[in-house]
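Input: a single structure, listed below in structure tokens.
The values are calculated or read from the model by the stated rules, or taken from the named source; none is laboratory data. Fair warning: this is a prediction, and the values are worked out from it, not measured in the lab. As a convention, Cβ positions derive from the backbone with ideal geometry for all residues, glycine included, and neighbour counts pool all protein chains shown. What goes into the accessible areas is simple: the full protein's heavy atoms, side chains included, and nothing from ligands, DNA or RNA. Shrake-Rupley method; radii C 1.70, N 1.55, O 1.52, S 1.80 Å.
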Amino acid sequence: MFSRAGEEDMTTDAFPALSLVPKADAPQSAKDFKSDQEVRWCPGCGDYAILSTVQSFLPDLGLKRENIVFVSGIGCSSRFPYYLDTFGLHSIHGRAPAIATGLATSRPDLSVWVITGDGDALSIGGNHLIHALRRNVNLKILLFNNRIYGLTKGQYSPTSERGKITKSSPQGSIDYSFNPVSLALGAEATFVARTIDSDRKHLTEVLTAAAAHEGTALVEIYQNCNIFNDDAWEPLKDTDTSDDFMMRLVHGEPIRFGKHQEKGVARKADGHLEVVEVAKAGLDNILSHDAHAKDPGLAFALSRLSNPRTLANTPIGVFRDITRPSYDRLMRDQIAEVIEAQGAGDLQTLLHGNDTWAVS
Amino acid sequence: MSKQVVQLSRVVIRFAGDSGDGMQLTGDRFTSETAGMGNDLSTLPDFPAEIRAPAGTLPGVSAFQLHFADHDIMTPGDSPNVLVAMNPAALKANLGDVPRGADIIVNTDEFTKRNLVKVGYETNPIEDGSLDPFKVHPIALTSMTVEALKGFDITKKDAERAKNMFALGLLCWLYHRPTEGTIDFLTAKFGNKPEIMKANLRAFEAGWSYGETTEEFSIQYEISPAPMRPGTYRNMSGNLALSYGLIAASKLSGLTLFLGSYPITPASDILHELSRHKRFGVMTFQAEDEISGVGAAIGASYGGALGVTTTSGPGVALKSEAIGLAVSLELPLLVVDVQRGGPSTGLPTKTEQADLLQAMFGRNGEAPVPIVAPQSPSDCFFAAIEAARIAITYRTPVFLLSDGYLANGSEPWCVPDVSTLAKIEPNFAYELNHEAADGTMEFWPYLRDPETLARPWAVPGTAGLEHRIGGIEKSDGAGTISYDPDNHDKMVRLRQAKVDAVARTIPDLVVDDPDGDARVLILGWGSTFGPIGAACRLVRAAGESVAQIHLRHLNPFPSNLGMILKSYDRVILPEMNLGQLSMLIRAEYLVDIIGYNQVRGMPFKSDELAAVITDVLESG
Ligand code: SF4
């Protein structure tokens with residue numbers, strides 16, 4: 001479990017980061033968060049599962065519905081806000097983190113969520129993403145990664161594997177791909193996690209941890225686009241293979257995976273990480289996961305274990321969750337300090353300045 | 001020694017030197033003393049884009065021109081009566097603007113062979129007779145400063161650096177300026193470097209005393225205060241006035257001022273200024289790029305703040321898509337464009353009016369945006385409030401088109417009584433506003449006010465008004481996604497009609513035609529107000545009649561503009577572009593325009609515009 005927000009304790013105290021957001025007067029249900037709009041994703045799209053999980057998860061936060069805002073960019077996933085009965089802003093391509101930054105900074109009483117995709121966040125909006133992460137604005141960014149451009153009908157994206165054949169890469173893509181978790185960690189993110197659309201329980205756990213975090217949380221969600229990139233994450237979803245391919249990171253626990261927990265992560269002599277057989281390496285040599293480590297080095301090294309093509313050794317869970325004051329809090333503090341020290345500003349005094357002369 | 005005192009009615013002084021010589025500071029100080037004397041004044045700083053171009057070169061010359069008078073004036077002056085040239089480069093770069101007979105004060109210490117060669121002087125102009133048409137005052141400013149600072153515990157470099165204060169002291173003596181302000185200023189500025197402070201004060205006094213004792217200057221000048229309407233005055237520059245206008249708009253509307261901005265010349269000073277006013281709850285967000293600056297401002301507006309983004313032309317180009325989003329979302333947003341020379345990087349520190357059509361049309365689709373332009377540095381205050389009024393009342397992005405000349409120029413400003421400024425009502429939505437077919441009440445985010453056509457502004461946190469909106473076309477009223485052809489046609493027209501409706505709240509233009517019989521009208525917008533007004537005075541003083549109007553609202557135009565244009569035989573329109581407003585006027589009113597266009601990075605000169613008017617008058 002995540003140490004920051006245990007399932008057993010779903011009172012408001014589980015979400016100190018949301019302490020300024022007004023609480024709901026009565027318990028809510030998933031139904032309260034369904035809007036009257038007809039959902040228009042392709043049948044079978046992974047977005048449905050995410051929407052349903054989010055609708056079920058939001059009541060856990062216990063916040064007034066009108067104080068929750070979903071901001072999105074452009075792409076299939078960015079239609080998400082229309083289907084939630086909260087405030088919602090469907091903006092322009094790649095700019096959701098920038099828009100949400102202005103909203104979250106000026107409105108501490110809101111819980112602000114950004115919905116984005118691999119093209120939206122990592123290609124056209126890459127600059128806004130990395131700067132939101134380093135500033136640690138109080139935003140929760142859900143990045144739906146389906147490794148393809150869906151809405152524009154199937155071009156390779158910044159997370160598509162090299163060699164991928166798409167409409168715009170008939171001979172195979174020659175682009176090397178981003179690993180969103182590595183990127184976020186390099187961008188000084190304070191919270192970085194990865195989860196999977198179809199794993200309702202894990203997705204809920206990660207969303208809970210993200211909501212509890214003060215500042216920017218980046219949650220990469222592996223999402224299936226069954227029309228243009230079906231089964232992109234299949235080895236992680238197929239119950240026959242998933243245990244072998246996927247390692248679940250749990251804070252404070254040894255990093256082990258495999259059908260019989262026979263594999264683990266250990267440090268090599270040269271300092272790098274490697275996947276080893278636990279029996280051979282010895283349990284003492286298996287690394288424990290520390291999501292709260294100040295230094296992001298190990299989290300980054302973990303993010304590099306996976307093979308972008310075969311998906312072998314793919315970690316999911318919270319890579320990093322550290323405490324750093326959020327940008328919006330620091331800005332409010334600066335304003336409060338000045339007003340405390342000098343009093344609120346007086347417009348007439350300001351306009352006068354201190355270098356005037358009188359004409360009578 | 002008592003010297004002869006001569007009364008003058010107006011003087012134009014230009015301080016020119018190397019970028020590192022402190023000419024802007026010298027000019028600012030002289031301006032402050034002059035303002036305190038009660039003269040009317042107008043200033044024109046002119047500096048290079050490079051922070052420190054190579055010393056002593058022509059590109060490195062920085063200048064500051066100040067026009068002051070015992071009567072009301074409208075421009076920083078066409079040409080200097082006095083040029084202070086701190087080095088050969090400053091002399092060479094500015095001599096072309098100096099009329100015969102004017103005074104030139106040169107710092108002879110800098111006229112070394114090496115410095116002369118650097119700017120292509122083969123012989124020393126002070127000695128070769130080329131300056132004979134002028135009254136030249138060769139003064140060893142640097143060495144006299146160093147001499148005066150002997151015994152101070154400072155480096156030779158610091159001593160030499162104080163020469164601008166020596167020059168300032170001399171000019172203050174020459175024009176009878178008070179010295180207390182500068183003494184206070186230096187005391188405060190170098191408070192933590194007492195030795196440097198004392199040295200600068202000493203240099204300033206030494207310059208003053210030099211004037212008093214030298215035979216180089218036999219005459220001292222006096223310029224009486226200008227008659228001005230009673231009130232409290234201060235000197236005001238454009239970017240400062242604009243910043244204060246934004247703070248005032250925030251106060252008047254009760255909305256938090258949120259600035260999203262990326263540094264860019266010549267707009268950055270607004271970001272700097274607003275970041276100092278946290279006492280007013282101002283939030284300044286220095287964004288990672290121009291797009292993020294406007295994006296964050298839109299996000300803040302969505303949350304019920306007064307979202308503002310400040311930039312110059314290249315930044316506007318980057319923000320275009322987001323401004324289109326604000327048009328579609330129908331949210332208040334102020335886009336401040338402090339125009340500079342373009343296209344592309346263009347002339348970052350020079351002025352131009354060539355972003356008008358970018359502001360008007362620079363977006364995809366039919367995306368009308370109201371445009372407001374201030375006409376003088378201090379008018380930036382009122383123009384900012386007016387732009388905010390339109391943005392908030394009509395839920396629309398609004399362009400505020402300042403320019404480099406307004407931004408950095410300054411003039412005396414009669415400080416307004418804030419209780420006289422009209423409040424701006426945000427009128428947030430709190431109630432459900434539409435009855436559904438089944439009789440229940442619901443919220444329609446695009447149900448418009450019949451008068452303004454503005455939509456309700458329901459901010460997050462308002463219970464029951466949860467709604468989803470975006471850049472996709474919305475159905476009229478309900479605001480849900482709509483691809484219906486008729487609905488789109490209707491929404492495009494509604495957005496245009498809403499912007500057109502702003503005209504109903506714009507005051508009628510008042511023609512300035514003191515003789516009442518003018519047949520030629522001169523029209524302008526933005527920062528050309530000063531030069532055009534001064535030109536009209538010159539023409540009228542010569543016995544001719546000319547009428548003047550000046551546009552503050554460029555979109556929509558004031559309702560009576562067409563009627564005014566049609567009542568004159570001919571219309572002259574000077575612009576610092578190739579005819580952008582002319583194009584709009586011709587298209588809108590089918591009135592022909594005699595354009596006078598110049599894009600030299602400098603404001604118009606009034607005598608040049610007077611000649612244009614006279615030509616038109618005579619050709620009629
Ligand atoms: S194109 Fe792909 S991502 Fe988009 S809605 Fe269809 S299945 Fe989902």
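For the reader, a short list of remarks on this structure follows.
- Figure note: A:Phe57, B:Phe280, B:Phe47 ranked by solvent-accessible area, largest first, 1.4 Å probe, ligands and nucleic acids not counted: B:Phe47, B:Phe280, A:Phe57.
- Each Lys or Arg adds one and each Asp or Glu takes one away; over the other residues whose Cβ falls under 9 Å from the Cβ of A:Thr86, this sums to -1.
- Helical segments meeting 30 Å axial Cα length and Kyte-Doolittle -1.0 threshold in chain B (DSSP H): none
- Whole-Å distance, taken between Cα centres, linking the stretch B:537-592 and the stretch A:23-81: 55
- Out-of-range pairs (alpha-carbon distance over 31 Å; input B:Lys319/B:Lys490; A:Lys294/B:Lys189; B:Lys135/B:Lys163; A:Lys64/B:Lys474; A:Lys64/B:Lys251): A:Lys294/B:Lys189
- C-alpha center-to-center spacing [the stretch B:108-132, the stretch B:296-328] in angstrom: 52
- Sites listed here are GluC sites (Glu not before Pro) in the stretch B:386-481 whose DSSP assignment is loop and whose Cβ has at most 11 other Cβ atoms within 10 Å: B:Glu431, B:Glu451.
- Folded to 0 to 90 degrees: helix A:327-342 orientation relative to chain A principal axis, Cα: 20
- For B:Val459, the solvent-accessible surface with a 1.4 Å probe is about 20 Å², rounded to the nearest 10.
- Working value for chain B: equivalent-ellipsoid semi-axes of 49, 28, 21 Å, each the square root of 5 times a Cα gyration tensor eigenvalue, largest first.
- Radius of gyration and maximum dimension Dmax of the stretch A:94-148, Cα, Å: 10.8, 35
- Normalised by residue count, the stretch A:16-158 yields a Cα convex hull volume of 102 Å³ per residue.
- Rg(Cα)/(2.2 N^0.38 Å) for the stretch B:4-223, N = residue count: 0.96
- Rg/Rh for chain A stands at 1.03; both radii use Cα atoms, and Rh follows the Kirkwood definition.
- Averaging the Cα positions of each part gives two centres, and for the stretch B:369-420 and the stretch A:113-130 these lie 35 Å apart.
- Prolate/oblate/rounded call for the stretch B:512-576, Cα gyration tensor, a/c under 1.5 rounded: oblate
- Scattering curve values for the stretch B:158-287, log₁₀ I(q)/I(0), Debye with Cα scatterers, q = 0.18, 0.23 Å⁻¹: -1.01, -1.17
- A cut-off under 13 angstrom between Cβ atoms defines the neighbours of B:Asn597, and their net charge, with Lys, Arg +1 and Asp, Glu -1, is -2.
- Rounded to 5, percent antiparallel among DSSP beta bridges of the stretch B:490-580: 10
- Sequence of B:His67, A:His260, B:His488 from largest to smallest accessible area, 1.4 Å probe: A:His260, B:His488, B:His67
- With the alpha-carbon atoms of the protein assembly as shown aligned to their principal axes, the span from lowest to highest coordinate is 104, 71, 58 Å, starting with the largest.
- Whichever aspartates and glutamates have a C-alpha closer than 15 Å to that of B:Lys423, once near sequence neighbours (fewer than 8 apart) are set aside: B:Glu386
- Beta-bridge orientation, the protein assembly as shown: approximately 35 percent antiparallel, per DSSP, counting only bridges with both partners inside.
- Size of electric dipole in the stretch B:520-618: Cβ of Lys, Arg +1 and of Asp, Glu -1, about Cα centre, debye, nearest 20: 260
- Sequence of A:His213, A:His251 when ordered by accessible area, the most exposed leading, probe 1.4 angstrom: A:His251, A:His213
- Dividing the mean sequence gap of close Cα pairs (under 8 Å, 6+ apart) by how many residues the stretch A:106-169 holds gives a relative contact order of 32 percent.
- Estimated from helices alone, the mean residue ellipticity of the protein assembly as shown at 222 nm is -10000 deg cm²/dmol (sum of -39500 (n - 2.57) over DSSP H runs with n ≥ 4, per residue).
- Normalised by 2.2 N^0.38 Å, where N is the number of residues, the alpha-carbon radius of gyration of the stretch B:412-527 equals 1.59.
- Full-stretch length increase - B:Ser567, B:Val6 - with 0.36 nm per residue and alpha-carbon distance subtracted: 197.3 nm
- In the stretch A:204-360, inverting the average of 1/r over every pair of distinct C-alpha atoms gives 19.7 Å as the Kirkwood radius.
- Diffusion coefficient, µm² s⁻¹, Stokes-Einstein with Kirkwood Rh over alpha-carbon pairs of the stretch B:234-420 at 10 °C and 1.306 mPa s: 101
- Counting only residues at least eight positions apart within a chain, or on another chain, there are no lysines with an alpha carbon under 16 Å from that of A:Lys140.
- Each other residue within a Cβ distance under 14 Å of B:Thr480 adds +1 if Lys or Arg and -1 if Asp or Glu, for a net charge of -3.
- Taking every C-alpha pair closer than 8 Å and separated by at least 6 residues, the mean separation divided by the residue count of chain A gives a relative contact order of 15 percent.
- Distribution of pairwise C-alpha distances over the stretch B:520-618, 10 Å bins, in %: 16, 53, 29, 2
- Working note: Cα gyration tensor of the stretch B:39-101, eigenvalues times five, square-rooted, sorted largest first, giving semi-axes of 25, 14, 8 Å.
- For the stretch A:262-359, averaging the sequence separation of C-alpha pairs within contact (under 8 Å, six or more residues apart) and dividing by the residue count gives a relative contact order of 18 percent.
- Computed from the C-alpha gyration tensor, the three semi-axes of the ellipsoid equivalent to the stretch B:546-600 are 18, 13, 11 Å, from longest to shortest.
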